[in-house]
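Inspection log for the structure reproduced underneath, given as structure tokens.
The values are calculated or read from the model by the stated rules, or taken from the named source; none is laboratory data. This one's a predicted model, so the numbers in the text were calculated from it and none came from an experiment. Ideal geometry is used to build each Cβ from the backbone, glycine not excepted, and the neighbour counts take in all protein chains shown. In case anyone asks, the SASA skips ligands and DNA or RNA and just uses the protein heavy atoms, side chains included. Shrake-Rupley method; radii C 1.70, N 1.55, O 1.52, S 1.80 Å.
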Amino acid sequence: MAENKWIGKKITRYDGREKATGALKYMADLEFPDALAGKILRSPYAHALVKGVEIAEAEGMLGVVAVLTAKDVPGLNGFGIEGPDQPVLCGERVRFIGDPVAVVFAEDLESAENAVEKIKVDYEILPAILTPEAALEEGAIKIHEEGNILRHHKSSNGDVEAAFKEAAVVVENTYTTPYEEHAYIETEGGFGLPLEDGGVELYYPAQYCFRDRMQLSAVLALPQEKIRINSNPLGGAFGGKDDMLLQPILALGAIKTGRPVKIHLSREESFMASTKRLPFKLTMKTAADKNGKFLAHKVFGISEAGPFAGISGAVFNYAFENAFCVYKFPNTDLEGICVFTNNSVTGAFRGFGNNQMTFGTESQVDQIAEALGMDPIKIRRLNCVKGGERYSHGHKVNESVIGIDKCLETMENSDMWKQREDFKSQTVEPWIKRGVGIAISQHGGGLGNLLDDTATAQIEVLSSGIINVKVSNEEMGQGSLTTFWLIAAETLGVAPEMIEISSGQTHNAPDSGPATASRSTFIAGNAIIKTAEALKDELKVLGKELWGTDEININSQGIYCVTCKTNFISWTEISAALSKKGIDSVSRTVAMPETDIKIDLGLHFIHTYVSQIVDLEVNTLTGEVTLIQTEIFPEAGRVINRLGYEGQSEGGSVMSMGYTIMENFKIKDGKAMTRNLQTYLVPTAADIPEIKVTPVELVEKEGPFGAKGLGEPASIPITPAITNAIYDAAGIRIKDLPASPERVLMELCK
Amino acid sequence: MVIKFTLNGERVSAPVDNNLRLLDLLRDYFKLTGAKEGCGQGECGACTVIMDGRAVNACLIPVRQVEGTEVLTIEGLEKDGEMDIVQKAFLKEGAIQCGYCSPGMIMSVKALLMNNPNPSRKELVEAIAGNICRCTGYTKIIKAAETAVEETCAQE
């Protein structure tokens, strides 16, 4: 294979300059003449019936143009990825503190805010379901007509109880994990614009413009063709901008007022209304024989979706798909329930349920190793799924499954692991305890085999000679534009500067699916390669027509005839020649590879693996945990852009370091106690360890240039690696996240 | 009231309401949207600009305090189409992901270098500890700041 020109290098990002200079306009930076400001009236109650909404006084106030309630929703008053159970504006019932009841659009924000205060809502307070256990109680009030259970999964294989009897070691624990707030720096905000044909256009940061358009079509009772969505760029998302939030309200506002409308949430409103990571309570019982071979893994888990289905059922499924982490268990027993509550809305968050489950399983594995006096890496290598083997769910995965052992082996041979005892001896103060811990995780890319997962790309050679590559997957910071740019350049054999990427525009790009599920690099990358190859075929046909031969060379200037070296046409001329033939663009579709068997959890075929070592200190006087250094070993196939690859690994690790030891989104009686960044503490530059990223580069045959996704996988193993290191340092086993100073001190005092 | 100050090297004046913040003045009146509002409470640093040589949170500065000062925003860093050393370093080291915190982050580093051309790593970290980045994990931002220091020293 010829050496790649662009793939695998350190390339400055596609959208770097406009971001470094502040020139890039995010949605709330845009300006439209005569735009109205919107303010939403939200429910102060966790659960209540809406008996009436009185808007006359608000409507009559200075500057107010429209006050909209549920009555103004022309179509279906509901949305949600899994089903439309979340009202756009609540007309009958509110189900969480923050549920929108009305919205005011006025000439300026102050007028809108003043008018919102004059809206009178007659609520009849209902009992609120504030814990998952309460949701399951007999006679509990039903949050939705169908009841309070969103998902109930049960599956088993072999005989776990017999295995527990014969095992040399059985470890049983209950783990709890908290909500996590995405805390992207860009709070939700954007514009709705009326179109002359009665349609609407949105400028709003979101992770899947086509699905939003489909949902809006039902809400607005408008054909999809009349809805245009611009969802790029985003100032961070991490899953939190996956489902809709303000889109229906903005679209409604634009249509009803006939003017552009803007809403940009304050941080407190964003915290209140946006989705959070699903909290879990997991009871795990795991057994091994005297040689450390795993015999059984039993998991009972309960989680809460909050008031709506959203995409929480899929998150819950995904957690249970990953219940066995990377290991072979001959006997398994899984049961999980995900329920509705009147607490915070939950949904997708980087890792999609896998973080919670892997924290549990990888904690179990370390305890088994300790009970048997085994090395934590050796026990993992002994039990991990090897090449050619089936997973514990019974399915086969991609050939790069050998990456699991490769990640473990690379970690075992690393200097950091070998020198761990030296590091530990460097700390001298008697109240500071130092420890080293490890963990590994897997993460399947794509939507899973319960859903169609395809991507279409399109390439158009513009008259300017620029090659315009079009997909839907949004750029939320993860670097997908850069990835697409390099993949297109490498495939076509032109300089990246010749390529322009369009994405996140329903009217100007084909549907390549959502910017979620660590799928963009893999599936949109593959779609771009296939489309670029199709363009090359068209260029060969063109060469044949022009020069009687399809032996052509492609470069940044245009195409040359190889045999008759003087013949050449530029990209501008190619554009004209293709148009003349009626070829305005070339388009191809690809599908995600699927597993050979299906179960109701939605299995994945392509996995990325990440192992990680953490070296930290525990201050036994204050309970503070300080990370000193960490090394990350991702097996995400071949590296596309080294800077992006490292950036995802470092960023994912630090984000989940926050989840593990700092961030604590507290909710009491359905009300968020942590309402902004003053109390919800996320990592700063002063909190981070020294981070080393060591790629374990195997070629993923099915992936674009051998690559797999890395966005989410990088956020997973650090959590159990930290808690395993805390145990190594101070002898305390953290089973409830976060490992805050208070929690650590409490455990030390036990 | 009308306030007069120097904005990105130019003397400017603007009619303002007393209750406005410097951030509103920059974004709404001067249409300089590089500084972002991420929290409105001085917690995230996305609105960081340089005022009289010091990095400040523009969301916490009442406009009346701006009178007679010299304000530098991200838009004022480029000179004749050439980016500042700090901006170039952020690009080179991959210190930008979603980019929403980048203008504020870059201004915090710039303010430090204006006052102290050869800061220690600890000083660099302290200078950006008030700027939250949710994407990068800060490693590449610190590296970019170090690169900017090296380039500044090499230039002098």
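The simple spin-label model puts a point 7 Å past each Cα toward its Cβ; for residue B:155 and residue A:551 those points are separated by 5.3 nm. On the beta carbon distance between residue B:120 and residue A:335, with R0 = 51 Å, the FRET formula returns roughly 0.40. In deg cm²/dmol and to the nearest 500, what is the mean residue ellipticity at 222 nm of chain A if only DSSP H runs of at least 4 residues count, each as -39500 (n - 2.57), divided by the residue total? That calculation yields -8000 deg cm²/dmol at 222 nm. For the protein assembly as shown, what class follows from the C-alpha gyration tensor (a ≥ b ≥ c being the square roots of its eigenvalues): rounded when a/c is under 1.5, otherwise prolate if a/b is larger than b/c, else oblate? Rounded shape, in that the Cα axes give a/c under 1.5. In percent, rounded to a whole number, the relative contact order of segment B:85-155 is 51, using alpha-carbon pairs under 8 Å and six or more apart. Between the residues A:291, A:603, A:506, the greatest Cα displacement towards the positive end of the dipole of chain A, with unit charges on the Cβ of Lys, Arg, Asp and Glu, is found for A:291.
When the Cα gyration tensor is reduced to axis lengths a ≥ b ≥ c, the ratio a/c is 1.5 or higher for segment B:85-155, and with a/b above b/c it is classed as prolate.
Annotation: extensible slack from residue A:23 through residue A:733 equals 250.8 nm (criterion: 0.36 nm per residue apart, minus Cα-Cα distance).
Dipole magnitude for chain A: about 940 debye, using +1 per Lys or Arg Cβ and -1 per Asp or Glu Cβ, origin at the Cα centre. Remark: relative contact order (segment B:2-76) = 40 percent; criterion is Cα-Cα distance under 8 angstrom and separation of 6 or more residues. FRET efficiency for the pair residue A:107 and residue A:497, taken as 1/(1 + (r/R0)^6) with r the Cβ-Cβ distance and R0 = 56 Å, rounds to 0.80. With all protein chains kept in place, the per residue accessible area of chain A amounts to 35 square angstrom at a probe of 1.4 angstrom. For segment A:507-561, GluC sites (Glu not before Pro) are listed when DSSP marks them as loop and at most 15 other Cβ atoms sit within 10 Å of their Cβ; the list is A:551.
Restricting attention to segment A:698-747, which GluC sites (Glu not before Pro) occupy a DSSP loop and are surrounded by at most 15 other Cβ atoms within 10 Å? Here no GluC sites (Glu not before Pro) fit, given the DSSP loop and packing criteria.
Leaving ligands, DNA and RNA out of it, report the carbon-plus-sulfur percent of the accessible area of the protein assembly as shown at a 1.4 Å probe. C and S fraction of accessible area: 49 percent. When the accessible areas of B alone and A alone are added and the area of the pair subtracted, with a 1.4 Å probe, the result is around 3800 Å², both sides summed. The residue among A:191, A:391, A:683 whose Cα reaches farthest toward the positive pole of the charge dipole of the protein assembly as shown, with charges on the beta-carbon of Lys, Arg, Asp and Glu, is A:391. Computed extension gain for residue A:133 through residue A:283, at 0.36 nm per residue and net of the alpha carbon distance, reaches 52.6 nm. In this structure, residue A:145 and residue B:82 have a Cβ-Cβ separation that, at R0 = 60 Å, corresponds to a calculated FRET efficiency of about 0.45. The mean sequence distance of close C-alpha pairs (under 8 Å, at least 6 residues apart), as a share of the length of chain A, puts its relative contact order at 15 percent. Would you mind checking A:470/B:31; A:9/A:708; A:540/A:701; A:39/A:118 for any pair whose Cα atoms are more than 20 angstrom apart? Long pairs (Cα-Cα over 20 Å): A:470/B:31; A:540/A:701. Taking a straight line from the alpha carbon of residue A:580, these aspartates and glutamates sit under 18 Å away, with near neighbours fewer than eight places off in the same chain left out: A:460, A:537, A:538, A:545.
Between residue A:745 and residue A:624, the simple label model (points 7 Å from Cα in the Cβ direction) yields a spacing of 1.2 nm. Taking label points 7 Å from Cα along the Cα-to-Cβ direction, residue A:290 and residue B:129 give a separation of 5.4 nm. Our note on the geometry: Cα centres of segment B:45-120 and segment A:694-733, 34 Å apart. Stretching residue A:668 away from residue A:591 to a fully extended chain increases their span by 23.3 nm, per 0.36 nm per residue minus the current alpha-carbon distance. Once the partner protein chains are put back, segment A:10-25 shows a loss of at least 20 square angstrom of accessible area, versus the chain by itself, at A:12, A:13, A:17, A:19, A:20, A:21, A:22, A:25 (probe 1.4 Å, ligands and nucleic acids excluded).
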